[in-house]
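The values are calculated or read from the model by the stated rules, or taken from the named source; none is laboratory data. These numbers come from a predicted model, not from an experiment. Here the Cβ is made from the backbone with ideal geometry for all residues, glycine too, and neighbour counts use every protein chain on show. Ligands, DNA and RNA are stripped out before the accessible areas are found, and what is left, the full protein with its side chains, is counted by its heavy atoms. Shrake-Rupley method; radii C 1.70, N 1.55, O 1.52, S 1.80 Å.
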Amino acid sequence: MKTFIALSLATLTATVAIAQTAPAPSAQPSIFDKAVNQPGIGWALYGPNQSAKQVPAADVPGGAAVRVQVTRAGAHPWDTGASYPTVKPIAAGDTVLVMVYLRAPDAKDDAPLTIPLGATGSEAPYPQIATATASVGPGWKRYFASGVASQAFAAGKANISLQLAGAKQVIEVGPAFLLDLGPGVDPAKLPHN
């Protein structure tokens, strides 16, 4: 699986290398060295009016995803969602990049679903690290959010977050990656939606 994911992320690796301000070492490190989560589909769902199950997804690394059915919109987009915890710390001033595979199987290309995504602290007041909005259509696509951590987060104290209560909807959530690119990386030079 690592080989397949590494090949799928070749473009991302090249973009990250270009965005870094320090010269690259002679031996290129693996993109997995920068992951602060355990890449995969280890999503934790929360909130009312949702159900989730693992489904096959041949078009994403690892071949599996989580299908989330939201049966009713919430009062706030964050009332129902999915989170993915970190397993390594993030230092204050580090630039992070979230990459998540998403698709909305019932959406139309001209009427995509709007999903807020990003990285936040895992405890109140849930400080934002990175935030973006994804317009998710029926085909698998990678979506990104990037930002700079304004404070340090211990391992397990930050997570990838998806806010899913914006509408009654079906969304398939594939592999997720939270990369800590270190200090001095301009988020504007990273992939975006």
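Which pairs have Cβ atoms under 6 Å, sit 6 or more apart or on different chains, and link a residue in region 159-177 that is farther than 28 Å from THR95 by Cβ to one that is among the acidic types (Asp, Glu) and not in a loop (DSSP other than H, G, I, E, B)?
ALA165/ASP79
Residue-by-condition table, conditions (1) farther than 21 Å from GLY40 by Cα; (2) aromatic (Phe, Trp, Tyr):
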residue	(1), (2)
THR71	yes, no
PRO77	yes, no
ALA92	yes, no
VAL96	no, no
TYR101	no, yes
ALA104	no, no
LEU113	yes, no
PRO116	no, no
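Of the numbered conditions (1) open to solvent by less than 50 Å² (accessible area, probe 1.4 Å); (2) more than 14 Å from ILE160 (Cβ to Cβ), HIS76 fails exactly one; give the number of that condition.
(1)
Please work out which residue is farthest from GLY182 (Cα to Cα), limiting yourself to region 37-63 and to residues that are of a type in the set (A, V, I, L, M, F, W, C) and surrounded by fewer than 16 Cβ atoms within 10 Å (Cβ to Cβ).
VAL55
If I ask for residues that are more than 17 Å from PRO39 (Cβ to Cβ) and either open to solvent by less than 50 Å² (accessible area, probe 1.4 Å) or at pLDDT below 95 (or both), which ones from region 79-105 would you list?
ASP79, THR80, GLY81, ALA91, GLY93, ASP94, THR95, ALA104, PRO105
Of the conditions (1) touching a Lys or Arg at 6+ places or on another chain (Cβ under 8 Å); (2) surrounded by fewer than 21 Cβ atoms within 10 Å (Cβ to Cβ); (3) part of a strand (DSSP E or B), ASP180 fails just one. Which one is it?
The one condition ASP180 does not meet is (2).
Could you please tell me which pairs satisfy a Cβ distance under 7 Å, a separation of 6+ or placement on different chains, a first residue in region 138-158 that is of a type in the set (Val, Ile, Thr), and a second residue that is not in a loop (DSSP other than H, G, I, E, B)?
Sorted first by the residue in region 138-158, then by its partner, the pairs are VAL148/THR95; VAL148/PRO187.
For region 76-88, does any single residue satisfy the condition of being touching a helix residue (DSSP H, G or I) at 6+ places or on another chain (Cβ under 9 Å) and either without any contact (Cβ under 8 Å) to a residue 60 or more places away in the chain or not aromatic (Phe, Trp, Tyr) (or both)?
No - not one qualifying residue is present in region 76-88.
Look through ALA149, ALA155, ALA167, ALA132 and report the one residue that is among the small types (Gly, Ala, Ser) and open to solvent by less than 20 Å² (accessible area, probe 1.4 Å).
The conditions single out ALA149.
Among what's in region 162-176 and is touching a helix residue (DSSP H, G or I) at 6+ places or on another chain (Cβ under 8 Å) and part of a strand (DSSP E or B), pick the residue that is farthest from PRO112 (Cα to Cα).
Of all residues in region 162-176, those touching a helix residue (DSSP H, G or I) at 6+ places or on another chain (Cβ under 8 Å) come to 163-166, 175.
Add one more test, that the residue is part of a strand (DSSP E or B), and what stays is 163, 175.
Working: GLN163: 15, PRO175: 20 Å.
For region 162-176, the residue satisfying everything is PRO175.
Being farther than 15 Å from VAL173 by Cβ, touching a residue at least 60 places away in the same chain (Cβ under 8 Å) and open to solvent by less than 30 Å² (accessible area, probe 1.4 Å) is the requirement here; does VAL70 meet it?
Answer is no for this residue.
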